[in-house]
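Note sheet for the following structure.
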Amino acid sequence: MSASQDIASSDQHATRVPPNRLSAAIGLVLLLCLPAIFIVRIYHTTNPRLLNPGESAPVLTVTDLASNRIDQFSFKGTLTALLFFSTDCPHCQREIASFDNLSKRFGKKIFFLAVSISGKAKTAEFINSNRVGVRILLDEEKTGQEQLGVDIVPALFLIGTDGTIAYSGSGEKTLAARAQQLSEFVSAVGMSQR
């Protein structure tokens, strides 16, 4: 047997994968992935989804800091920026500061409303210590969160004059990014009303 025949013979043996090992490896990977797939599926079926652009914003039932219940809080008739936040969340604390700042800049064109998912005492303390000027209401019964599908805060909704959601998203953005987003929102609404 020549050297070239030995090399060809050993190459043939090296490229063969026993079918039982390949099947076992694929089976093991699938077996390990199933719990993760199952957990993700459970998570998505038990948590509401964030309402999407094009869907109608629900009429909310919220309370103010004096515990007055506000039924039938509707978003029709005005451009609205609606922010859900928690006083304990560092991302939310920065987002509410940006939101307050933007309300001073865009307040003549957009109605700004923040909804706290924290308790009344924590929210009042947060407002006083941070000198937040934007209107803040409470979602003590969590119905607003459920209706809008908020499971991660901060969550921002931009709502058109017809009560339709133009933007929805969770997570913190920079002040400059939010300013750009609101400018585009106002411009888009102006273009659609011509």
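Which of the following residues is over 18 Å from the mean Cα position of the chain (by Cα), surrounded by fewer than 19 Cβ atoms within 10 Å (Cβ to Cβ) and over 21 Å from Ala177 (Cα atoms): Asn128, Asn101? It would help to see each step written out before you state the result.
On the way: Asn101 fails: over 21 Å from Ala177 (Cα atoms).
Step by step, each of Asn128, Asn101 is checked, and only Asn128 is over 18 Å from the mean Cα position of the chain (by Cα), surrounded by fewer than 19 Cβ atoms within 10 Å (Cβ to Cβ) and over 21 Å from Ala177 (Cα atoms).
Scan the stretch 159-187 for residues that are in contact with a Ser or Thr (Cβ under 9 Å, 6 or more places away or on another chain) and assigned to a loop (DSSP other than H, G, I, E, B) and jot them down.
Gly160, Thr161, Asp162, Gly163, Glu172, Lys173, Thr174
I'd like to know if the stretch 143-150 contains one or more residues that are at pLDDT below 95, more than 16 Å from Asn52 (Cα to Cα) and more than 14 Å from the chain's Cα centre (by Cα).
Step one: filter the stretch 143-150 for residues at pLDDT below 95, giving 143-150.
If we keep only those that are more than 16 Å from Asn52 (Cα to Cα) too, we end up with 143.
From what's left, more than 14 Å from the chain's Cα centre (by Cα): 143.
Yes, that holds for at least one residue.
Going through Pro90, Pro154 one at a time, which residue ends up being surrounded by fewer than 17 Cβ atoms within 10 Å (Cβ to Cβ) and at pLDDT 90 or above?
Details: Pro154 fails: surrounded by fewer than 17 Cβ atoms within 10 Å (Cβ to Cβ).
Every option except Pro90 fails the conditions.
Just to be sure, is Leu156 without any contact (Cβ under 8 Å) to a residue 60 or more places away in the chain, in the same structural domain as Cys89 (by TED's automatic domain parsing) and not in a helix (DSSP H, G or I)?
Numbers: without any contact (Cβ under 8 Å) to a residue 60 or more places away in the chain: no; in the same structural domain as Cys89 (by TED's automatic domain parsing): yes; not in a helix (DSSP H, G or I): yes.
So Leu156 fails the test.
In the stretch 157-194, which residues are among the β-branched types (Val, Ile, Thr), under 16 Å from the mean Cα position of the chain (by Cα) and surrounded by fewer than 16 Cβ atoms within 10 Å (Cβ to Cβ)?
If we filter the stretch 157-194 for residues that are among the β-branched types (Val, Ile, Thr), which is where we start, we get 159, 161, 164-165, 174, 186, 189.
Going one step further and asking which of them are under 16 Å from the mean Cα position of the chain (by Cα), we end up with 159, 165, 174.
Correct list: Thr174 only.
Pick out the one residue from Ser86, Ser129, Ser118 that is of a type in the set (Ser, Thr, Tyr), on the phi < 0 side of the Ramachandran plot, in contact with a Cys (Cβ under 7 Å, 6 or more places away or on another chain) and assigned by TED's automatic domain parsing to the domain that holds Asp71.
Working: Ser129 fails: in contact with a Cys (Cβ under 7 Å, 6 or more places away or on another chain); Ser118 fails: in contact with a Cys (Cβ under 7 Å, 6 or more places away or on another chain).
Unique residue meeting the criteria: Ser86.
Considering the stretch 26-76 alone, what residues qualify as being of a type in the set (S, T, N, Q), at pLDDT 80 or above and over 21 Å from the mean Cα position of the chain (by Cα)? Before the answer, list the steps.
Narrowing the stretch 26-76 to residues of a type in the set (S, T, N, Q): 45-47, 52, 56, 61, 63, 67-68, 72, 74.
Still in the list and also at pLDDT 80 or above: 52, 56, 61, 63, 67-68.
Selection gives Thr63, Ser67, Asn68.
Mind checking which residues of the stretch 68-99 are part of a loop (DSSP other than H, G, I, E, B) and touching a Lys or Arg at 6+ places or on another chain (Cβ under 7 Å)? Can you show your working first?
Keep residues of the stretch 68-99 that are part of a loop (DSSP other than H, G, I, E, B), which gives 68, 74-79, 86-89.
Passing the criteria: Leu79, Thr87.
Here is a list of conditions, (1) more than 22 Å from the chain's Cα centre (by Cα); (2) assigned to a strand (DSSP E or B); (3) of a type in the set (Val, Ile, Thr), and Ile136 meets all of them except one; can you say which number that is?
(1)
The values are calculated or read from the model by the stated rules, or taken from the named source; none is laboratory data. The shown structure was predicted, so the numbers you read here are calculated from the model rather than taken from an experiment. No Cβ is skipped: glycine too gets one built from the backbone with ideal geometry, and neighbour counts run over all protein chains shown.
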